1. Looking at 221, 232, 236, can you tell me which residue is farther than 21 Å from residue 346 by Cβ and either part of a loop (DSSP other than H, G, I, E, B) or in contact with a helix residue (DSSP H, G or I) (Cβ under 9 Å, 6 or more places away or on another chain) (or both)?
2. Can you list residue pairs whose Cβ atoms sit under 8 Å apart, with the first residue in the range 87-115 being part of a helix (DSSP H, G or I) and the second being basic (Lys, Arg) and surrounded by fewer than 18 Cβ atoms within 10 Å (Cβ to Cβ)? Count only pairs 6 or more apart in sequence or on different chains.
3. Just to check your reading of the model, which residue among 162, 129, 140, 121 is of a type in the set (Lys, Arg) and more than 30 Å from residue 49 (Cβ to Cβ)?
4. Given the structure, is residue 340 closer than 28 Å to residue 172 by Cα, modelled with pLDDT of 95 or more and of a type in the set (Val, Ile, Thr)?
5. Looking only at the range 111-124, decide whether some residue is closer than 30 Å to residue 340 by Cβ and not assigned by TED's automatic domain parsing to the domain that holds residue 336.
6. From the list 232, 268, 257, 293, which one is under 30 Å from residue 169 (Cβ atoms) and surrounded by 16 or more Cβ atoms within 10 Å (Cβ to Cβ)?
7. Take the residues in the range 179-222 that are aliphatic (A, V, I, L, M) and away from ligand 1 (no atom under 12 Å from the Cβ), then tell me which one is nearest to residue 148 (Cα to Cα).
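The values are calculated or read from the model by the stated rules, or taken from the named source; none is laboratory data. Keep in mind it's a predicted model, so treat the numbers as computed, not measured. Methodologically, a virtual Cβ is constructed for each residue, glycine included, from the backbone with ideal geometry; neighbour enumeration extends over all protein chains shown.
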Amino acid sequence: MTTAVSMTNDHSAPSRVAMGELTRYDDAPLLTDIAANGQGVFLTWADDSQASLPYLWLRDHCACSECRHATTRERLYIPRADVDAPQDVSLERGHLHVIWADGHESVFDGGWLHQRRPGTRSQDQVPERQPWTNGFSPERIGHAAFVNGPEGECAWLEALLRDGLVMLDGGPIADEEVSRLAERIGPMRPTNFGARFDVRSKPNPNNAAYTAIGLALHTDLPNWRQPPDIQLLYCLENEAEGGESIFADGFAAANALRDQAPEAFRILSETTIDFRFQDDTQDIGIRAPIIELDADGRVVEIRFNNWIRDTLQLPAHEIAPWYAAYQAFWQLVHAPEQQIEFALAPGEMIAFDNRRVLHGRRAFDPNTGRRHLQGTYLDRDMLESRLRVLTRQG
Ligand code: OGA
Ligand code: ZN
Ligand code: ZN
């Protein structure tokens, strides 16, 4: 059967077609021309962009209430491996209308199609990660701006996703403020230290953070299959001498290691080692590399925490090269030019990407005053979600 193609020449501003999609798609150029063939439709928009969309794809993306649930917006249609050419394809007021061989009808918003044309990523608001450059210091967002409107919160989310580190300042000295701020974004991610933890020196500590000793740079909980993505540390008291916070961009450091000591980089990214936490009630461990790469060889995660590195179980001939590689990376991340350092003031909250940015602190003297931070963790998915929701409301 041949497909009829018709067009109305009405170029008045189109109304939108409901596509079961909450992200806005109303600022795209007008769909001005269509040409159908046996496989699909060739589309042209007013900005001269063009796309070829197979019938298979179009049928799968029908947004009618039979194909997409009207309330949940979830897909109901189950795709098949092929679709008969439609009876009719037409362009009406900037939108693509299709009458399928079985009589089912679909309407596709021209702007929605433009956003999704092959070769373009849909217009996601989530920023790409950017490595720190010389002189980097974290963006500062005021607590009032964060809580009083979407701009401050969006700026905070964007900086955290982009730089892996952002400072909030001017907050109240209030117990649990960290939980209230976290819960605007998403549920707090619980771990064996609880959903919310207090960092101060404690009797019988089960963790180096709960002492007054200095903490070399590390990531938290690399002994978990999925370590927490984002850490928030809210300062309530910081009167003690010492206790300054230190940070380093672990991805930038790993990439520097790749340039300066490729063999060390190869060993740390290819060799899995054991990480483990044990106390009276928990024994949580996993074997993983220190530097994790994706399929394209890009650094995607750093697991670096010397306290909870477990027994090094490697063949004898791999042991000395592994320690040499570890030492090289240790020295690189602790080099002054890789680090930034500052003292947290009460009412400040530092947030960081725990799977990218290494954190630590200088030793403090608990006899000179109190130091008390409250912390929690969040999933990155919740940050990205919050940013998309705030953006589409704006
Ligand atoms: C931690 C930690 C840093 C600090 O609790 O994981 O690293 O400044 N704390 O006490
Ligand atoms: Zn449908
Ligand atoms: Zn830590």
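1. Going through 221, 232, 236 in turn, just one is farther than 21 Å from residue 346 by Cβ and either part of a loop (DSSP other than H, G, I, E, B) or in contact with a helix residue (DSSP H, G or I) (Cβ under 9 Å, 6 or more places away or on another chain) (or both): 221.
2. 111/16
3. 140
4. Values: closer than 28 Å to residue 172 by Cα: yes; modelled with pLDDT of 95 or more: yes; of a type in the set (Val, Ile, Thr): yes.
Yes.
5. There is at least one residue in the range 111-124 that is closer than 30 Å to residue 340 by Cβ and not assigned by TED's automatic domain parsing to the domain that holds residue 336.
6. Only one candidate passes the filter, namely 232.
7. To start, the set of residues in the range 179-222 that are aliphatic (A, V, I, L, M) comprises 181-182, 185, 188, 195, 199, 208-209, 212-213, 215-217, 221.
This time we only want the ones that are away from ligand 1 (no atom under 12 Å from the Cβ), so: 181-182, 185, 188, 195.
Details: 181: 12, 182: 15, 185: 14, 188: 21, 195: 25 Å.
The qualifying residue nearest to residue 148 (Cα to Cα) is 181.
So that you can scan it fast, the table gives a plain yes or no per residue for (1) farther than 27 Å from residue 329 by Cα; (2) within 16 Å of ligand 2 (Cβ to nearest atom); (3) surrounded by 19 or more Cβ atoms within 10 Å (Cβ to Cβ):
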| residue | (1), (2), (3) |
| --- | --- |
| 151 | yes, no, no |
| 190 | yes, no, no |
| 219 | no, no, yes |
| 240 | yes, no, yes |
